[in-house]
Amino acid sequence: MEEIVDRHNKLPKQIMTLISSGANAKNLTRFITTISDTILNKIIGFALMHHPPPPARFAFMILGSEGRNEQTLKTDQDNAIIFEDVPEASQAAVQEYFLKFGETVCTLLDDAGYAFCNGDVMAKNPKWCQPLAVWKKNFSKWIHGAEGEDLLQASIFFDFRTGYGDGALVDSLRTFLFKALDGWPGFMRHLTENAMYFKPPIGFFRNFVVESKGKHRDMFDIKSAMTPIVDFARVYALKNHIDETNTLERLQQLHLKGILQLAEYEELEKAYSFLLQLRFVRQVTAIVDDKDSPHNYINPKKLTRIEQKMLKEIFNRIEKFQAKLEFDFIGRI
């Protein structure tokens, strides 16, 4: 474990070195994903050695930003376990095994620097350690319910990928998801309406909207500022059965399928990459220069004039893309 913790602790300085050498945001997230996936696989390998052999086929699923391969230096755990359907008589015992296994893995991840999820979206939670059939029921419930909590779960769980184990189980769940969405198109409308709540931090007079009090006074949350692009890509990707979960890869596939024009794709790709790069720089600065924990808050007054201008242009364009999303899925401008 010492080696794993050390590897995680070296990430900020490694990212700073990569930024200094000109690495772009896509390469930075790819690097972090490679490190995180390697750590996860080592931890799961360690956990398997300290548990009896798994009683059924399973996969350790990664969700949320990590599921999108968009992990930064400030992150917590979002994971789950899916195991194959087993006879009802043995299901309780099988679930108990995977719950204990999930507890071990999540605890070791926390020890390694990947904090427990505040919302308890983790494999050690009985709700998120289930057989394939139950996962299908969960997905169906969120799609047909489409209430606030359902949409929140969808935004986390529908960005899922295999972290370890039998990818066929995850593929089966994704196939089910696309079929379920086709059978209930109203969900896309609700998902879009929910996405409209996240607005770029730009005011009517084109000024930055910042926090007025508290620890982050005069700052805006760049993670929230990026959310409209993440949501935009997710909605169109789900509608068009795109397997990719990464935002930039989703946008690329949307262009290749003819859903986004080249100019639209390039604009969104550049905007998202710029925001992600700015987010990395902010987090590295907090850790290395400010001796603080990484966070997502940026004071626009501390940016260069060119950066401020680019941000305002990006936020203006995000508003236009949100209008496109709203028109395509809700039918209003």
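Since every read-out is calculated from the coordinates, none of them should be taken as a lab result. Bear in mind the structure is a predicted one, so any value in this text is a computation, not a measurement. For neighbour counting, all protein chains shown are included, and Cβ atoms are generated from backbone atoms with ideal geometry for every residue, glycine included.
Can you give me the distance in nm between label points at Glu149 and Val209, each placed 7 Å from the Cα along the Cα-to-Cβ direction?
Reported label-point gap for Glu149 and Val209 is 2.8 nm.
With point charges of +1 on the Cβ of Lys and Arg and -1 on the Cβ of Asp and Glu, referenced to the Cα centre of region 1-182, which listed residue (Asn138, Pro12, Phe178) lies farthest in the positive direction of the dipole?
Working it through, the farthest residue towards the positive pole turns out to be Pro12.
Measure up Lys136/Lys179; Lys26/Lys257; Lys124/Lys179; Lys74/Lys309 against 18 Å on the Cα-Cα distance and list the ones that go over. Working shown, then result.
Details: Lys136/Lys179 11 Å; Lys26/Lys257 21 Å; Lys124/Lys179 29 Å; Lys74/Lys309 26 Å.
Beyond 18 Å: Lys26/Lys257; Lys124/Lys179; Lys74/Lys309.
May I ask you to list the aspartates and glutamates whose Cα is less than 16 Å away from that of Lys141, ignoring any residue fewer than eight positions away on the same chain?
Output for Lys141: Glu149, Asp150, Asp182.
In terms of the Cα gyration tensor, with a ≥ b ≥ c the square roots of its eigenvalues, is region 196-320 rounded because a/c is under 1.5, prolate because a/b exceeds b/c, or oblate? Intermediate results must be reported in sequence, preceding the final value.
Details: a/c = 2.14, a/b = 1.71, b/c = 1.25.
Judged from the Cα gyration tensor, region 196-320 comes out prolate (a/c at least 1.5, a/b above b/c).
For the peptides 8-16, 279-287, what is the packing order when you average, over each peptide's residues, the other Cβ atoms within 10 Å and list the highest mean first?
Listed from highest to lowest mean packing, they are 279-287, 8-16.
About the Cα centre of region 1-182, how large is the charge dipole given +1 on each Lys and Arg Cβ and -1 on each Asp and Glu Cβ? Please answer in debye to the nearest 20.
For region 1-182, the charge dipole is close to 460 debye.
So which lysines pass the test for Lys213, namely a Cα distance under 21 Å, with those fewer than 8 places away in the same chain ruled out?
Hits, sequence-local ones excluded: Lys199, Lys223, Lys301, Lys302.
Considering Cα pairs under 8 angstrom that are at least six residues apart, work out the relative contact order of region 1-182 and quote it in whole percent.
29
Treating the Cα atoms of the chain as identical point scatterers in vacuum, please give the log10 of the normalised Debye intensity I(q)/I(0) at q = 0.10, 0.14 Å⁻¹, two decimals.
-0.62, -1.20
With r as the distance between the Cβ atoms of Arg305 and Glu266 and R0 = 25 Å, compute the FRET efficiency 1/(1 + (r/R0)^6) and round to 0.05. If you can, show how the numbers build up before the last one.
Values: r = 24 Å, r/R0 = 0.96.
Using R0 = 25 Å, I get an efficiency of 0.55.
With a 10 Å radius around each residue's Cβ, average the other Cβ atoms per peptide and rank 195-203, 59-67, 264-272, highest first.
Per-residue Cβ counts within 10 Å, averaged per peptide and sorted highest first, yield 59-67, 264-272, 195-203.
Quick check on the exposure proxy: order Trp184, Trp142 from fewest to most C-beta atoms within 10 angstrom.
Numbers: Trp184 13, Trp142 23.
Ranking Trp184, Trp142 by Cβ neighbours within 10 Å, fewest first, gives Trp184, Trp142.
Over the Cα atoms of region 1-182, compute the convex hull volume and normalise it per residue, giving Å³.
Per-residue hull volume (Cα only) is 117 Å³.
Any idea what the relative contact order of the chain is, in percent, if you count C-alpha pairs under 8 Å spaced at least 6 apart?
19
Assign unit charges at the C-beta atoms only (+1 for Lys and Arg, -1 for Asp and Glu), then state the dipole size of the chain relative to its Cα centre in Debye, rounded to the nearest 20.
Around 1100 debye, computed over the chain.
Considering only DSSP beta bridges where both residues belong to the chain, give the percentage that are antiparallel (nearest 5).
In the chain, DSSP labels about 70 percent of beta bridges as antiparallel.
Which value, in debye to the nearest 20, gives the size of the charge dipole of region 76-189 about its Cα centre, when Lys and Arg are +1 and Asp and Glu are -1 at the Cβ?
Result for region 76-189 is approximately 340 debye, rounded to the nearest 20.
Pick out, from Thr192, Leu262, Ile306, the residue whose Cα sits farthest towards the positive end of the charge dipole of region 185-333, with +1 on the Cβ of Lys and Arg and -1 on the Cβ of Asp and Glu.
Ile306
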